[in-house]
Each structure stands twice: as C-alpha cells, then as structure tokens.
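Beneath this line is the structure, given in structure tokens, with notes to follow.
The numbers here are math on the coordinates, done by the rules we state, and not lab data. All figures in this text were calculated on a predicted structure; none of them were measured in a lab. Here the Cβ positions follow ideal geometry from the backbone for every residue, glycine too, while neighbour counts run over all protein chains shown.
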Amino acid sequence: MREVKVELGGRSYQIQIGSELLDSIGRQCKKLSLGRRCMVITDSNVGPLYGEKVGASLSAAGFESVQVTVRAGEQTKSWRTAAYCHDQLAAHRMERGSFIVALGGGVIGDLAGFVAATYLRGVAFVQVPTTLLAQVDSSVGGKTGINLTSGKNLVGAFYQPRHVFCDLSTLDSLPDRELRSGLSEVVKYGIIYDDVFFRRLEKLMPALVGRQSKALGEIVARCCAIKADVVGQDETETGLRAILNFGHTIGHALEAVTHYKKYLHGEAISIGQVAAARLSCLQAGLTSAEARSMETLLEKAGLPVHLTLKKQQVESLIQAMSLDKKVSDGVVKFVLASRLGQVQWGCKVPMEQVREVLYQLV
Ligand code: GLY
C-alpha cells in the first residue's frame, strides 16, 4: 500500500492507495476520531457492488452506518439530490459528530462532499473513489459541488475530506471507456508538472490500458502526490491550482455543447488538451514535437484527439467557452505549456487563434 499526505495544516489528511482497502475502511476511520454514526452515500451502480462490504467494515469497527443510494449519472449532482441527502441525514438523526462516506465516482464525491460541507454547517466526510478519474483527481483537494441548469459545478464549497481510500480493486468493475477517460487526467499530470512521469507513462500505457494493478498503483500514487503538492500550495485556486485545468477550457465547453452525452469528461478533456497543446505551440513556446508526444500518448490511451463535430458546431463551442467559470471580463484565459512538464496559467489567447486550432481538429 502507498500513502500520500495532503499538507493543509490542521486539515491535512492521508490518501491511501492499494488493493482490497474497502475491508479496512472501518478500522481506518476509527483512527480519525470520528463520531459513532455515519451515512454512506453511493449510487445505483456502485452501491450494489461495494455498499455491503463498506457497511460491514464500518460495523465491524463499531460504527453504526446507514446507506443512501442515489441514481447514477451526472444529473444526480443537483439541488434536488443534495436536498434528498440532507433530508435523509436529518431523518436518521445524524449529528454534528456524525460523518459521511462518499462511495463512488466523481459525481458522488462532489455531491456527498457538498452535502457534508453544508449539513449542520459541516460534518466530516471520507472519500472512497471507485473510478480512476475520481482517484487521481476529484476525490483529492476538497472541491465539492453541484450543477445548475446554467452550468457545471456552479454551486459548491472547498471542503476537505478527512481521508481518501483509493482501492485499486474497485477499478476492476470499471468499464474500459471509463478507465480510459481517467487516463486523460493522468496524462495531464505529466504535461503540467512532471516530464519524467510523462515519459514513464509512455512506457506504462499498455500496462495501464491492460489494467495491471502494479502499474495502476504507481500512477495513481504519483498523480495524487502531484495533486497534493499543488493543493497544498493553493487550496482555493487563487493561482497555481489553475494548472490542473489544462485542457479544461475547451473540454468543458465541448461537454456543454454536446449536452454531456457525446463525450465522457476525460474524452472531452483529451481533445481539450490537444487543442491546448497546439495553442501552446503558437503562444507559449512549446515545440511541435512535444505537442505531438502529448497527442500520441492520449491516442495510446485510446482517447479521442479530434473533434467529431460538424463545422457549424465549432462556433457554438466557441460561444459556450464564454460561459466557463475560468473566463472573466470576456477574455478567454488558458493554461498553456511552455515545455513538457511546465505550464503557465492565465494566458490570454485571441479568439481567432482558438478558432483556427479548433478547425484544425475537425
Ligand atoms: N480538478 C481540478 C481541481 O481539483 O482543482
């Protein structure tokens, strides 16, 4: 088992990465001085697979747990489901000392974290991410929230978990497409922070796509360590943390114009990263060989690197970018790479250039 610490003073916590961790959740929670009662929030895909195991581990350690299962899918990150969870917490008389266990992928982590941040003005929670995307990104760093009709993650709070359990065995039940989607964020860490890791990924990619747990353990731990490092320096995204959004300005817009149906998050981010790499060549001094390496690695992960949109839809994509919350005063700001492993944030890019690059990808 590997451990990574997120250093945030009194709110520091450990991320554990290993196989068969679900059985030890109760034992580990015992060490966190949490109350006796808890609610496991999970979804209709993950609950039937792992809910019982987690519940058994919690009761074996002396906790009294109840499970709330919500519908799987992005639509669950809503006021309505959050209110349902709050009501369930109240109905089960959960108190200040009670805690929440977020068991699932990114949607559950964001939703349950938001519920934890707001119920009784904040109760403790632990993250049990069961997708690669959640293990390497959303479960770490305390971003919690829900969507509004006008956009994703528009309501939320920075609220750190007390512990993160990345059980690699839960990835066994993950569909291939979801695993590949998670690999998109993995590649991102190499691009933004660590060229040696990027080169390592070039070697490991076949093993990762083939789900070899040793390789998966290594990369999940490295991604968590990078994220912990970034979040430890800039918890609330006043600067540096923005680098984690490499590829996300275009990626988010792409998800929005395709109504979150055509692309999984990591797929949209893959295309966004290819576009950001090309813009980096034009604006930030990235070499075309480095941009090609990025594109090749994403392709090796089985991710899309071209826009499968009609040309007319590209204009809607550009329009949608203005709704992204990283846009201010009508200026589109990008995270761009100056070289492999090093990025700058807040780079203002002329819309004409964005349009040019997007048309190259059609
Ligand atoms: N997923 C980006 C962040 O946590 O800041």
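In terms of its C-alpha gyration tensor, the stretch 6-98 comes out rounded, because the ratio a/c of the largest to the smallest axis stays below 1.5. Across the stretch 344-357, coupling constants 3J(HN,Hα) worked out from phi with the 6.51/-1.76/1.60 Karplus curve, θ = phi - 60°, read 10, 10, x, 7, 7, 10, x, 4, 4, 5, 4, 4, 4, 5 Hz, and Gly and Pro carry x. With a Cα cut-off of under 22 Å and a minimum spacing of 8 residues unless on different chains, the lysine pairs in the stretch 215-362 number 14. Candidates 164, 174, 141 compared by Cα position along the dipole of the stretch 140-179: farthest toward the positive end lies 141, with charges placed on Cβ. With neighbour counts taken as other beta-carbon atoms within 10 Å, the residues 74, 7 rank, fewest first, as 7, 74. Near the amide H of residue 343, within less than 5 Å, lie the amide hydrogens of 338, all on another chain or at least 5 residues away, with H placed in the peptide plane. Taking each residue as 0.36 nm, the span from residue 177 to residue 53 lengthens on full extension beyond its C-alpha to C-alpha distance by 42.1 nm.
Here each label is just a point 7 Å from Cα along the line to Cβ, and for residue 316 and residue 79 those points are 2.6 nm apart. Structure remark: mean-square fluctuation, Gaussian network model of the chain, C-alpha springs under 10 Å; the largest value among 352, 255, 290 belongs to 352. Label positions at residue 148 and residue 289, each projected 7 Å from the Cα along the C-beta direction, are separated by 4.8 nm.
Going from the fewest other Cβ atoms within 10 Å to the most, the residues 303, 264 appear in the order 264, 303.
Applying both filters, DSSP loop and at most 16 other Cβ atoms within 10 Å, to the trypsin sites (Lys or Arg not before Pro) of the stretch 196-271 gives 211, 261, 262.
Annotation for the stretch 1-36 versus the stretch 73-87: alpha-carbon center distance of 26 Å. Charge dipole of the stretch 32-80 (Cα centre as origin; +1 on each Lys and Arg Cβ, -1 on each Asp and Glu Cβ, all else neutral): 140 debye, rounded to the nearest 20. In order along the stretch 134-150, the Karplus-derived 3J(HN,Hα) couplings, from 6.51 cos²θ - 1.76 cosθ + 1.60 at θ = phi - 60°, round to 5, 5, 8, 9, 5, 7, 10, x, x, 7, 10, x, 10, 9, 10, 4, 7 Hz, and Gly and Pro are given as x. Once divided by 2.2 N^0.38 Å, the Cα radius of gyration of the chain becomes 0.96. Residue-wise HN-Hα couplings along the stretch 83-96, as the Karplus relation 6.51 cos²θ - 1.76 cosθ + 1.60 with θ = phi - 60° gives them from phi, are 5, 4, 5, 4, 4, 5, 4, 5, 4, 8, 6, 6, 10, 3 Hz; Gly and Pro carry x. The label point for residue 5 and the one for residue 299, both projected 7 Å from the Cα toward the Cβ, are 4.3 nm apart. What separates the Cα centres of the stretch 182-251 and the stretch 113-160 is a distance of 19 Å. Long-range amide H contacts for residue 78: which residues qualify at under 5 Å (H placed 1.01 Å from N, peptide plane, sequence gap of 5 or more or a different chain)? Long-range HN contacts for residue 78: 147.
Taking the number of Cβ atoms within 10 Å of each Cβ as an exposure proxy, the fewest-first ranking of 37, 71 is 71, 37.
For the chain, the antiparallel share of DSSP beta bridges with both residues in that region comes to about 40%.
Using only side-chain charges placed at the Cβ, +1 for Lys and Arg and -1 for Asp and Glu, the dipole size of the chain relative to its Cα centre rounds to 300 debye. In loop segments of the stretch 145-237 as defined by DSSP, there are no GluC sites (Glu not before Pro) with at most 15 further C-beta atoms inside 10 Å of their C-beta. Can you give the angle from 0 to 90° between the axis of helix 106-118 and the longest principal axis of the chain, with both taken from C-alpha atoms, to the nearest 10? Between helix and principal axis, roughly 60 degrees. Taking each DSSP H run with n ≥ 4 as -39500 (n - 2.57) and averaging over every residue of the chain yields -14000 deg cm²/dmol at 222 nm. Close amide H pairs (under 5 Å, H built 1.01 Å from N) link residue 333 with 328, residues at least 5 positions away or on another chain.
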